[in-house]
Structures are given as structure tokens and as C-alpha cells.
Amino acid sequence: MAYETLIVEIEDYVAVIRLNRPEALNAINAQLMTELAHAMAAADADEQVRCIVLTGSDKAFAAGADIKEMATKSFVDVYGADLFGLDAEAISRVRKPIIAAVAGYALGGGCELAMLCDFIICADNAKFGQPEINLGVVAGMGGTQRLTRAVGKAKAMDMHLTGRFMDAAEAERSGLVSRVVPAKNLMEEALKAAVKITEKSALTAMAVKESVNRSFETTLTEGLRFERRLFHAMFATEDQKEGMAAFLEKRQPQFRDR
Ligand code: CO8
């Protein structure tokens, strides 16, 4: 499918999905969200893809939901269409690892989109924020839930109530991002991380993602049981035999996703 708001490139088993609405700092309109959900699902189903990198431009990952598109909508419009709901859920169902490579602004829905990914690597010019309160709305795509889980109540409340932005250093300190890199190296570093993931067993990577995500949905006892059962289940795979044999034979493993 040809996209108008995205650029998708696949190389070395990594799909790079670039948000591409430069005229609006990659503001997320309904078309972009639908195209993104489609591109993510396509990458998830593509045997040539083992990891996905979601990125924007040097100036903006995404400056939020498209305010021009939303400004005159009614409750009936947004509730009736479940604005962004189905597409966001579709992205959260992707089973392959997704890295967000964030430079510049990641605000409102942009910050939420980055948090929908599995981890965030950001440039030193990144700015994160949930400024919806300035527009008379609350976050609508996970900001009050995922940001709170990522950085804790104090910082989440501060960000949502004051609308202030968090810079890259604070985002790393707070656990929102896994790494900060110089802006000029962002894609190189994100791709390096992605390629490392492509070298693992895709089955194991999927299980890791499923188990970490389960920790947000369940009690510790249930989560530990889930993890242990997955660990046990991995012994039914050839990749477990190969990974452990390769370690003992002091060589690189050749995983076959079986
Ligand atoms: N929507 C639409 N257009 C935007 C947006 C946006 N969110 N952000 C920037 N733009 C446009 C501007 O209107 C401008 O266009 P034009 O040249 O035609 O006027 C162009 O992008 C460049 O922007 P600026 O001139 O403002 O650039 P600056 O460098 O001066 O400022 C900022 C950059 C600080 C990022 C500024 O643009 C800004 O504050 N943007 C809005 C940020 C914001 O409030 N984001 C939250 C939006 S609400 C939201 O995301 C809700 C999420 C809920 C989703 C789920 C719903 C179910």
C-alpha cells in the first residue's frame, strides 16, 4: 500500500517507518494513524522484518494529535469514530519489537505514540510533553497511564498538570527513554540496536516482549508465573538448544526461529 503520511523502508530485516507530515511537525491526523496501524501490521506480518523502528524528523517525532483536524469536532464525532482508539490498539498488538527513535518534539499524542513502542532512544534535542491541558483536554492515547507507569506519579502529574516539557536528560533520568544519543547519530544508534535484535531468535524476542508487557497488566505473582511458564516453554524450541550449545561451544548461535 502507498502511504501519504509515512515513508517505509526495509533493509537488513529492519522496517523503518518515518512519520512524514513536515508541514505540521508530524501532527497525527486520522489518516496518519490509520496508515501507521496498517504499516505496523504489514511489518509484523512480513518475513523480511524482524524489528521495527518508528521515527519522525530532526525537528519533531510528532507534535501531537492534529489540532486543526480536531478543533471543531463534537463528542459524537470523536466518540462515535472512537478517534485513534482502534488504530492505537492495533499498534499495541504488534508482536515484533518496536523502537521509537525520537528527535525534537514528542508532545501529546506524539509522546503517547513513542510510549506505545517497546523502548525509546532519543536525540539530545528531544522534548517530551503532555500539554493537552493547555487545549482543554486530557491525554487520549495512553499519556496518563503509560507516562505514569514510566516515570511515576510525581513527574506524570507535573507534566500533565503544568504542560511543561521534559528534555532528553530528564527523560533518561526518569526512565522514559532507554538512551540519549547525539542528534546526528540518532538513526545510526537506533538501527544498531534494531540490528542487534534481528540477530536474536524472533521467537524469543516475541516472548520477551510479551512477558515484559504482561508486567503492566497483572499482579506480581501472576506475572512471575507467566514468565516462568514462558521460560519453560522455550525449552520446546530448537533455538534454546542452539543458543545454549553455541555458548558451550564458544561460537555465535545460528537461530532459526524454531
Ligand atoms: N496539530 C496541528 N498542527 C500543528 C501541531 C499540532 N499538534 N503542532 C504544530 N503544528 C503546526 C503549526 O500549526 C504550524 O503550522 P502553520 O505553519 O501552518 O501555522 C507548524 O506545525 C509549525 O509549528 P509552529 O510554528 O508552532 O512551530 P514552533 O517551532 O514555533 O513550535 C511547538 C513548535 C512547540 C511544537 C508548537 O507547534 C506546539 O506547541 N504545537 C502543539 C503541541 C501540542 O499541544 N500537542 C498536543 C496536541 S493534543 C494531543 O496530542 C491529544 C492526544 C490525544 C490523542 C488520542 C485521542 C483519542
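Residue ranking by accessible heavy-atom surface, 1.4 Å probe, largest first, among 228, 173 comes out as 173, 228.
Most simply put, the chain has about 30% antiparallel DSSP beta bridges, counting only bridges with both residues inside it.
The phi torsions of region 85-96, fed into the Karplus equation with coefficients 6.51, -1.76 and 1.60 and a -60° offset, translate into couplings of x, 5, 5, 5, 5, 4, 5, 5, 8, 4, 9, 7 Hz, rounded to whole numbers, with Gly and Pro shown as x. What separates the Cα centres of region 103-159 and region 201-258 is a distance of 30 Å.
Using a 1.4 angstrom probe on heavy atoms only, work out the carbon and sulfur share of the accessible area of the chain in %. Answer for the chain is 56 percent, counting heavy atoms of protein chains only.
The GNM of the chain, with springs linking C-alpha atoms under 10 angstrom apart, assigns the highest mean-square fluctuation among 221, 162, 237 to 221. Within region 163-258, report the chymotrypsin sites (Phe, Trp or Tyr not before Pro) that DSSP leaves as loop and that have at most 16 other Cβ atoms within 10 Å. Within region 163-258, the qualifying chymotrypsin sites (Phe, Trp or Tyr not before Pro) (loop, at most 16 other Cβ atoms within 10 Å) are 216. For region 6-198, the per residue solvent-accessible surface stands at 47 Å², with DNA, RNA and ligands left out and a 1.4 Å probe. For residue 14, the residues whose amide H sits under 5 Å from its own are 50, ignoring neighbours fewer than 5 places away on the same chain, with H placed 1.01 Å from N. Remark: relative contact order (the chain) = 16 percent; criterion is Cα-Cα distance under 8 angstrom and separation of 6 or more residues. Toward the positive end of the charge dipole of the chain, with +1 on the Cβ of Lys and Arg and -1 on the Cβ of Asp and Glu, the farthest Cα among 212, 80, 32 is that of 212. The order of the peptides 96-108, 115-127, 38-50, 74-86 by mean Cβ neighbours within 10 Å, most packed first, is 96-108, 115-127, 38-50, 74-86. Charged neighbours of residue 201, selected by a Cβ distance under 15 Å, balance to +2 (K, R count +1; D, E count -1).
Is the shape of the chain best called rounded, prolate or oblate, per the rule: a/c under 1.5 gives rounded, else a/b larger than b/c gives prolate, else oblate, with a ≥ b ≥ c the square roots of the Cα gyration tensor eigenvalues? It is prolate, given that a/c is not under 1.5 and a/b is the larger ratio.
Note that region 4-10 has calculated 3J(HN,Hα) couplings of 9, 10, 9, 10, 10, 10, 10 Hz, one per residue in order, obtained from phi through the Karplus relation 6.51 cos²θ - 1.76 cosθ + 1.60 (θ = phi - 60°); glycine and proline are x.
The values are calculated or read from the model by the stated rules, or taken from the named source; none is laboratory data. A quick note: this is a predicted structure, and the numbers were derived from the prediction, not measured. A quick note on method: Cβ atoms are made from the backbone with ideal geometry, for glycine too, and the neighbour counts reach across all protein chains shown. Side chains are part of the model used for accessible areas, which takes the heavy atoms of the whole protein and leaves out ligands, DNA and RNA. Shrake-Rupley method; radii C 1.70, N 1.55, O 1.52, S 1.80 Å.
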